[in-house]
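The values are calculated or read from the model by the stated rules, or taken from the named source; none is laboratory data. None of the values given here were measured: they were computed from a predicted structure. In this analysis, Cβ positions are derived from the backbone assuming ideal geometry, glycine residues included, and neighbour counts consider all displayed protein chains.
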Amino acid sequence: MAEPANLFCLRNMSSPYVAMNTDGRDIGRKLSAALAVRISHILPQGIVAKDEKGTIYVSDGTWHSGTDLAEVLGSSGPSLPDPEVIPRGISLSKDMPTPAEAENRPARTFSDAAELREDIASAATNALSAVQDFVTEKLTLPWPSHGDAASRSAFAEPNAEWFGDVLRLWFGEKSQPVLELQPIEATELNESLRS
């Protein structure tokens with residue numbers, strides 16, 4: 001019997017090999033849902049975040065921006081272009097895959113848990129950056145901003161980093177974030193991501 005393409009083995013103290021399901025699309029859908037909930041709590045009034053089938057959207061009711069995390073983490077093909085603020089119903093590129101085409105691409109595989117965690121953190125950082133770009137465009141000033149007037153024109157850079165089994169999400173410096181979101185537990189994304 002052939003093993004599924006999306007499994008690989010990790011060395012572990014209790015067993016020489018432990019199979020880890022690395023369904024990137026599923027992890028991307030769960031990451032999108034987790035981020036949408038957390039981002040909803042920090043957005044300025046009039047801007048909302050939602051998850052739809054693995055894509056995290058931010059919208060002001062007229063314009064929206066989306067980052068397809070299921071595609072970013074799950075496809076072995078070329079990923080979608082960087083998120084842009086576009087009017088509803090207008091696509092970014094005629095070459096952008098339809099949802100059915102994206103779902104039928106070969107599943108992406110990861111060589112180890114460290115690579116998977118790194119890609120999750122990178123995808124989360126990129127999604128936070130897209131949200132920041134959208135909100136900044138709508139407010140016409142950097143968001144989130146630093147507290148003092150001298151730094152308000154400077155962006156607080158988005159970041160995501162694993163600390164043990166927790167994905168920490170923040171804007172600004174690691175030691176003194178301007179804005180921090182509720183962290184995401186590894187088990188929210190995939191039980192086998194636990195270290």
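General observations
- Selected residue (criterion: nearest to Ala70 (Cα to Cα)) from residues of the range 147-195 that are modelled with pLDDT of 95 or more, among the aromatic types (Phe, Trp, Tyr) and surrounded by 11 or more Cβ atoms within 10 Å (Cβ to Cβ): Trp162
- Here Arg105 meets each of (1) modelled with pLDDT under 85; (2) of a type in the set (Lys, Arg); (3) in a helix (DSSP H, G or I) with one exception, condition (3).
Yes/no matrix, rows are residues, columns are (1) modelled with pLDDT under 95; (2) of a type in the set (Asp, Glu):
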| residue | (1), (2) |
| --- | --- |
| Ala2 | yes, no |
| Asp26 | yes, yes |
| Ser32 | no, no |
| Val37 | no, no |
